[in-house]
Amino acid sequence: MDKFAIELTLSRVKTLKIKNFIDKNLGTLVLCFLLGFSIISFIVYSQNGLALKYNDARSHLDIGRRVVEGLKPGVAQLGSVWLPLPHILMVPTIWNDFFWHSGLSGALISMVSFVGTGLFIYKFLEKLGVGILGKLVGVGVFIANLNILYLQSTAMTESLLLLTMTAGVYYLTLWARDEKLINLVKSAFWIMISTVTRYDGWFLAVFASVLVGFIVIRKKGIKAAEGNFVFFATLAGFGIFLWFLWNLLIFKDPFYFAFGEFSARTQQTQLEAAGELPTKGNLFLSFKAYFFALVYNTYTYPFFVGIIGFLALIQDKKINWRVRLATLALFGALIFNVIALYMGHSVLFLPEIIGKTWFNVRYGVMLLPMIAISFGYLVERAKNYRFMILGVFFLVSFFAFVNQDAVVIDDAVYGSSQKNVTEVAGWLRKNVLREEGYVLISAASHDAIIFSSGLPMKKFIHEGTGAYWDYAVENPDKWAKWIVMRTYDMNDLTYNEIHDAEGLEKYELVDHYPFADIYRLKSEYISEVITKPILGKIK
């Protein structure tokens, strides 16, 4: 063998070793990038004061805090409106004031979910036979999205939902390929977790169950399909059963979360009465609203490239038809949100398209994993155009970062999803913190004030404090030194309960703000008010 042949052989061996090293360690590299972007994003948004802009983020943190601290702490504080898992996961850290008031207790869950979702996107593409470049591009599309980078820096629940749904569909496709029962169990487990995170998971549980039945029926017949459907649906839907049971045991009504006084249905009824629920009964407008939310959240170019990639994926005969069918579950969020808007169970505003402000536009981020996976797949398949596709993507991403183009930040800062309660919270922090006594306030209406005030949770009497609330709304002057409420607004639960109470005349209005009024018990009655917790464990 001549010298040239030897050098060529050695070069090939060296190249092969490098390739094997990259293949072996690429997952670790991706993990490091995900962690780095996650941590840096949280630091940036926290220092800019944006991590706590969403009113819902502050409410989620307060719910977790009430489980461990307040006049009546305990698991019952998980309530009935929002599903419990995000708040349960906060419990190990939310007792710490720094973790509570910085939002880190909730952000940690979102950050871990962001990293996990990115890794599942990588693994998803790997199982589809996508090469190194396609896998990196898929993860890159996810990382380069400012909307998800912002949401993962907050206590919002979207990041956790994306993790559980993506993992559930990933294992569903593995089962569709190899028919191993363990993968079906893993898929059902992750989807079950999604059902106790957000209600989007409920639809995924149904949709995925139908896909399981359809996949099996084509290969093994209806009897086998029935068995697989029941098995999967039982496991995936177990979280839904637990939620019904929770509402029955705590609120004496299994449907309290759906029809109770704090339910989304009650809120939507109020919006409909005000003429602000235009998508209800209008399928075209429902689809239009969610379509634009998708485009705004995933950016126009990645969205359309991702859709093209997904269409190419489901037509790729080299991929097992069962796998292609299972990937349709990634589209579940689109169907769910359009149906929810059409039925009036959800509301979404986008200026100049529907409504006059931003509201709930973040729902469009739900298809981001599908867009990322499909984008990475298309880069792998369209080899002759990949550099053109990537060139435009890098250009779009560059300008998105330079211009801080994140619609979810607009929603949080300028839209209806935020509540500017700085003045009210500041007054309470200045005048109440060092005084004895309780503040009577509705958590359902003013959780943002409770959080932003910086006061201990045990300073507040709200509808979740049991007997304290019952006695206080009957005789406020005996229990509360201060009252925070929107005067003459019957939607404010505190005003609704005490507007005709005799003790209300013993209060004076000390400050009036656009979002709420503050009343203080007149000095001549302060000696009679209760300032210490005296009810113990009375319910």
Query raised in the report: How many angstrom lie between the C-alpha centres of region 295-334 and region 479-533?
Result: 55 Å
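Hey, with R₀ at 35 Å, roughly what FRET efficiency would L271 and L31 work out to, going by the Cβ-Cβ distance, to 0.05? Kindly include the intermediate steps, with their values, before the conclusion.
Numbers: r = 43 Å, r/R0 = 1.22.
Efficiency at R0 = 35 Å is approximately 0.25.
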**Report entry** Sorted by Cβ neighbour density within 10 Å, fewest at the top, the residues S113, S46, S346, S194
**Finding:** S46, S346, S113, S194
Query raised in the report: What's the exposure ranking of W243, W469, W482, going from fewest to most Cβ atoms within 10 Å?
Result: W243, W469, W482
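Normalising by the residue count of the chain, find the relative contact order in percent from Cα pairs under 8 Å and 6+ residues apart.
Working: 876 pairs, mean separation 82.8, N = 539.
The value is 15 percent.
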Report summary line: Note to self: C-alpha centroids of region 377-434 and region 80-138 sit apart, in Å, by 17 Å
Query raised in the report: Where in region 513-528 does the amide nitrogen come within less than 20 Å of the point 7 Å from the Cα of E502, taken along Cα to Cβ?
Result: 521-528
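Please report K522, K186 as a ranked list, fewest other C-beta atoms within 10 angstrom at the top and most at the bottom.
Numbers: K522 12, K186 19.
So the ranking, lowest neighbour count to highest, is K522, K186.
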**Report entry** FRET efficiency, 1/(1 + (r/R0)^6) with R0 30 Å, evaluated for D253 and Q404 via beta carbons
**Finding:** 0.10
Query raised in the report: All other residues with a Cβ under 11 Å from the Cβ of I354 taken together, and with Lys, Arg as +1 and Asp, Glu as -1, what is their net charge?
Result: 0
Query - Residue-wise HN-Hα coupling along region 310-319, computed from phi with Karplus coefficients 6.51, -1.76, 1.60 (Hz; x: Gly, Pro) - result: 5, 4, 5, 5, 6, 9, 6, 5, 6, 9
Query raised in the report: Expressed as an acute angle from 0 to 90° and rounded to the nearest 10, what is the orientation of the C-alpha long axis of helix 104-127 relative to the principal long axis of the chain?
Result: 20 degrees
Query raised in the report: Once both axes come from the Cα atoms, what is the angle between helix 332-343 and the longest principal axis of the chain, in degrees from 0 to 90, rounded to 10?
Result: 40 degrees
Query raised in the report: Each label point is 7 Å from the Cα along the Cα-to-Cβ direction; what then is the distance between the points at N491 and R177, in nm?
Result: 4.9 nm
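Given the Cα-Cα distance of D511 and E226 and 0.36 nm per residue of separation, how much length would full extension add, in nm?
Full extension from D511 to E226 adds 96.2 nm.
Tell me what the chain gives for mean residue ellipticity at 222 nm when only DSSP H runs of n ≥ 4 count, each as -39,500 (n - 2.57), the sum divided by the residue total, rounded to 500 deg cm²/dmol. Write out the running numbers ahead of the final one.
Working: 26 runs with 343 residues, N = 539.
For the chain, the value works out to -20000 deg cm²/dmol.
Test of understanding: what is the full-extension gain from L283 to N420, defined as 0.36 nm times their sequence separation minus their Cα-Cα distance? Present the calculation step by step, with values, prior to reporting the outcome.
Numbers: separation 137, 0.36 × 137 = 49.32 nm, distance 3.35 nm.
Value of the extension gain: 46.0 nm.
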Report task. Using packing as a proxy for protection, rank 298-308, 507-517 so that the peptide with the highest average count of other Cβ atoms within 10 Å comes first. Result -> 298-308, 507-517
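Which entries in K288/K383; K478/K532; K252/K419 show an alpha-carbon gap greater than 23 Å? Display every interim value, and only then the final one.
Working: K288/K383 33 Å; K478/K532 12 Å; K252/K419 32 Å.
From the list (K288/K383; K478/K532; K252/K419), the Cα-Cα distance tops 23 Å for K288/K383; K252/K419.
Greater than 29 Å separation of Cα atoms is the criterion. Which listed pairs, K123/K280; K72/K430; K135/K219; K186/K223, meet it? Spell out each step's value before the answer.
Details: K123/K280 39 Å; K72/K430 25 Å; K135/K219 31 Å; K186/K223 23 Å.
Pairs exceeding the cut-off: K123/K280; K135/K219.
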**Report entry** ³J(HN,Hα), Karplus 6.51/-1.76/1.60, whole Hz, each residue of region 242-247, x for Gly, Pro
**Finding:** 4, 5, 4, 5, 4, 5
Query raised in the report: Which whole-Hz couplings ³J(HN,Hα) result when phi for each residue of region 490-504 is put into the Karplus expression 6.51 cos²θ - 1.76 cosθ + 1.60, θ = phi - 60°, listed in order with x for Gly and Pro?
Result: 5, 6, 7, 4, 5, 5, 4, 7, 10, 4, 10, 6, 5, x, 5
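Computed from the coordinates by the stated procedures, all read-outs in this text should not be read as laboratory data. Fair warning: this is a prediction, and the values are worked out from it, not measured in the lab. Quick reminder, even Gly has a Cβ in these numbers, built from the backbone with ideal geometry, and neighbours come from all protein chains shown.
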